[in-house]
Amino acid sequence: MNKQKLMTELQSQGLQLVETGAGVSGRKGGAGPSDHKAVTIDGTTIMVPIYTETAAQSPYTATLDPTSTQASIHREGREIAPIEFPKTPQFYNLSTAEGIPYWKIALLHSHDVLATTVLQTCMRYRNSDTVCQFCAIEQSLAADRTIARKTPTQLAEVAAAAVQLDGVKHMVMTSGTPNTPDRGAAYLAECAQAIKQRVDLPIQAQCEPPDDFRWFQKLKDAGVDSLGMHLEAITPAVRAQIMPGKADVPVEYYFQAFAAAVEVFGRGQVSTYLLAGLGDTVEALVDGCDRLIQIGVYPFVVPFVPISGTPLAHHPAPSSEMMFALYQQVGELLNRSGMSAKDIKAGCGKCGACSALSSFEA
């Protein structure tokens, strides 16, 4: 099967695993790619849903030997492709002096990316009138799989170990949104500065647009290499329905922030998540991506994955046909603009594991 098509279908339809013990364990709930597992196909590592309702009905299956990190994907009894699972990183075996396991502070995403949510709480999460319907940020906190606030010292310690022991290449720092005008930028800057003093590791910081765009320069000065500010949905009506609190920040304000951030970080070093399947049409998403690319922002288009325990747990994932068409059109826009995931210094777009978009850029 065509590799692009296989990756697109796996990320839309998920994968049924007979045994989930191989490689880095998948994660239920929480921020970032949840209910997924990292799978390597022909040298490319992607995050594939395995704990969702959609995955339970997937035509793709894999039977795993728990003593091996290799398996094969089957569809309707026919072997499709061999796969591998990234090994559990060595830094997961370590703990801080206070006894906190390193994996509660930061996780391995894909096969060479360190990721952390510096603040595991959000001002909108506990209010049904404001919570983003797809969000599970505090689930992992409630399950004692992380800690609420990672200190700059802890992050620097774990980052140094991940680089030394596991060859991590770049780092993603995201955050729940605190009830402060800077929207978390101040704490992200503090964390980045501590990490860069300890280890030379490219960092992407992710937050909502702050009230004062001077925070972008402060983040860069602290050591942040690229910035993510995530729209998730592009159509105002969809945003109001799916993320009622976050929708209070108008799309136009995001675009003002994007333009200001590109001035600081440079073309292609500012990105935004767009979750396809929440209600935006393909046309609206393509038009939005075109506008983003024109001002120098990389549109990281990702298929929506319904996460267990959220209000959208039973919401259908987008079809692979929709995602393939979307990837083709956005990939062409990126190709014509000369913008590419490989040129991003750090972050989700550079990693690319939650989307097949980068394979459509050429």
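Some observations on this one:
- Residues satisfying the criterion are absent from the range 178-186 (criterion: modelled with pLDDT of 95 or more and touching a His at 6+ places or on another chain (Cβ under 8 Å)).
- Checked against the criteria, Val118 does not count as β-branched (Val, Ile, Thr), touching a His at 6+ places or on another chain (Cβ under 9 Å) and within 26 Å of Lys169 (Cβ to Cβ).
- Matching residues, the range 263-274, being open to solvent by less than 20 Å² (accessible area, probe 1.4 Å) and hydrophobic (A, V, I, L, M, F, W, C): Phe265, Val270, Leu274
- Scope the range 196-250; condition open to solvent by 10 Å² or more (accessible area, probe 1.4 Å), part of a helix (DSSP H, G or I) and under 18 Å from Val270 (Cα atoms); matching residues: Trp215, Gln217, Lys218, Lys220, Asp221, Ala222
- Scope the range 57-85; condition surrounded by fewer than 20 Cβ atoms within 10 Å (Cβ to Cβ) and at pLDDT below 90; matching residues: Thr63, Leu64, Asp65, Pro66, Thr67, Ser68, Thr69, Gln70, Glu76, Gly77
- Residues satisfying the stated conditions in the range 255-286, i.e. under 19 Å from the mean Cα position of the chain (by Cα) and aromatic (Phe, Trp, Tyr): Phe258, Tyr273
- Under the condition of being assigned to a helix (DSSP H, G or I) and touching a Lys or Arg at 6+ places or on another chain (Cβ under 6 Å), the residues counted in the range 161-178 number 0.
- Listed by position, the helices (runs of 4 or more DSSP H) inside the range 280-362 whose residues that are open to solvent by less than 30 Å² (accessible area, probe 1.4 Å) and not hydrophobic (A, V, I, L, M, F, W, C) number at least 3 are 320-337.
- Condition check for Val158: in a strand (DSSP E or B) and either β-branched (Val, Ile, Thr) or farther than 28 Å from Glu232 by Cα (or both): no
- Exactly one residue out of Ala185, Ala192, Ala115 is touching a Phe, Trp or Tyr at 6+ places or on another chain (Cβ under 9 Å) and crowded, with 22+ Cβ neighbours inside 10 Å: that is Ala185.
- Count of the range 134-170 residues which are open to solvent by 40 Å² or more (accessible area, probe 1.4 Å) and either of a type in the set (A, V, I, L, M) or touching a Pro at 6+ places or on another chain (Cβ under 7 Å) (or both): 7
The values are calculated or read from the model by the stated rules, or taken from the named source; none is laboratory data. Only a predicted model underlies this, so the values are computations on that prediction, with no experimental measurement involved. Heads up, the Cβs are rebuilt from the backbone with ideal geometry, glycines too, and the neighbour counts pull from every protein chain shown. Keep in mind that these areas ignore ligands, DNA and RNA; they rest on the heavy atoms of the full protein, side chains included. Shrake-Rupley method; radii C 1.70, N 1.55, O 1.52, S 1.80 Å.
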